[in-house]
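Step one of this worksheet: look at the structure below.
The values are calculated or read from the model by the stated rules, or taken from the named source; none is laboratory data. Not measured: the values here are computed from a predicted model. Neighbour counts run over all protein chains shown; Cβ positions are idealised from the backbone, glycine included. Keep in mind that these areas ignore ligands, DNA and RNA; they rest on the heavy atoms of the full protein, side chains included. Shrake-Rupley method; radii C 1.70, N 1.55, O 1.52, S 1.80 Å.
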Amino acid sequence: LPAVETLGSTTVVLTDKTGTLTENRLRVEAMLRPTGPPAPLGRGLWEGLGVAVLCNDASLDPATGDPLEIALLERAGAAVVDAVRAGEARIAEAPFDSGRKRMSTLHRDPAGGYWLMVKGTPESVATRSRAVLDDEGMERPLDGADRAMLQATASELAGQGRRVLALARRGLAGRPANLLEEEHDLVMVGLAALRDEVRSEASAAVAAAHRAGIQVVMVTGDHPGTAAAVAVEVGIAPPGCHPLTGSDLRADGIPDNLLVNPVYARVDPEHKLALVKALQAQGHV
């Protein structure tokens, strides 16, 4: 009964995106070169798939693990997954966390040395990268124009509702003591653009909440463009909405007289709790 009474007096609902408004059944729509206008990976496709398969905790047989990681394995295919994993055994890992926004794994190269494989958000990987693979699969320095183009490409894909993942690697002569200290001087090998379909019932649920006088707010760790596209599709926000991000909240804090934005993106778990507390301080339920 207390739960029903609380629900009846609710004024604001803060909802996650992935798996709540979307199905959380992802598929890789494209493997793209990391710089330049969006285009399929050429000779660098094998390197991109290698990072996607090795820096990955999921399994295809049976399909278990994070839906994003399963989607990467499905794009590679069982034969490639088996071949790549048989050739380069994992010997260490630095799991993904919401602060770093990336994951790293360490593998022994059968020819000698080690490979550090990294996947994460485009911005988190780009800031740690020094080079990129070109269309011929050769390394070249990652310059300012490349970084601007990478940001534009990621934003364009996110604005279409895609989740964008950057893939990178780094060769090491010896085994490092701490993987986190080696997440620099990376070579970006590709981008993965993934699609997560919106739940068919999501729009109706949002509309019902609005009719009941409840404000619905999306709070997600995803890219602002992806968050905005989904928020518009399900009716949480109007076209042209501008999400606030975790960095906005860090810069300004969360005041007690917070004016609620319909979409918050790239937020950490502590920001979600801070938003709830700020709304409760205003008397919201």
(request) With a cut-off of at least 1 residues that are among the polar types (S, T, N, Q), name the strands (runs of 3 or more DSSP E) lying wholly within the range 67-126. (result) 102-108
(request) Give the residues of the range 2-19 that are surrounded by fewer than 14 Cβ atoms within 10 Å (Cβ to Cβ) and under 20 Å from the mean Cα position of the chain (by Cα), sorted by residue number. (result) Gly19
(message) Against the conditions (1) surrounded by fewer than 21 Cβ atoms within 10 Å (Cβ to Cβ); (2) free of Cβ contacts under 8 Å to residues at least 60 places away in the same chain, where does His284 fall short? Just the number, please.
(response) (2)
(message) Between Ala158, Ala204, Ala177, Ala173, which is of a type outside the set (Ser, Thr, Tyr) and modelled with pLDDT of 95 or more?
(response) Ala204
(request) Please name all residue pairs, on different chains or six or more residues apart, with Cβ atoms under 7 Å, provided the first residue is in the range 11-33 and is within 30 Å of Ile214 (Cβ to Cβ) and of a type outside the set (Phe, Trp, Tyr) and the second residue is in a loop (DSSP other than H, G, I, E, B) and open to solvent by 50 Å² or more (accessible area, probe 1.4 Å). (result) Thr11/His284; Thr11/Val285; Val12/His284; Leu21/Arg199; Thr22/Arg199; Glu23/Arg199
(request) Output the qualifying pairs, or none if there are none: Cβ atoms under 6 angstrom, residues six or more apart or on different chains, first residue in the range 170-187 and under 18 Å from Pro95 (Cβ atoms), second residue assigned to a helix (DSSP H, G or I). (result) Pro176/Glu182
(request) State whether the residues of the range 15-29 include one that is under 25 Å from Gly221 (Cβ atoms), in contact with a strand residue (DSSP E or B) (Cβ under 7 Å, 6 or more places away or on another chain) and part of a helix (DSSP H, G or I). (result) no
(request) Please state which of the following conditions Lys119 fails to meet, knowing it meets all the rest: (1) in contact (Cβ under 8 Å) with a residue 60 or more places away in the chain; (2) open to solvent by 80 Å² or more (accessible area, probe 1.4 Å). (result) (2)
(request) With a cut-off of at least 1 residues that are open to solvent by less than 20 Å² (accessible area, probe 1.4 Å) and out of contact with any Ser or Thr (no Cβ under 6 Å at 6 or more places or on another chain), name the strands (runs of 3 or more DSSP E) lying wholly within the range 129-246. (result) 129-133, 162-172, 186-198, 215-219
(request) Kindly indicate whether Leu258 is surrounded by 15 or more Cβ atoms within 10 Å (Cβ to Cβ), more than 22 Å from the chain's Cα centre (by Cα) and in contact (Cβ under 8 Å) with a residue 12 or more places away in the chain. (result) yes
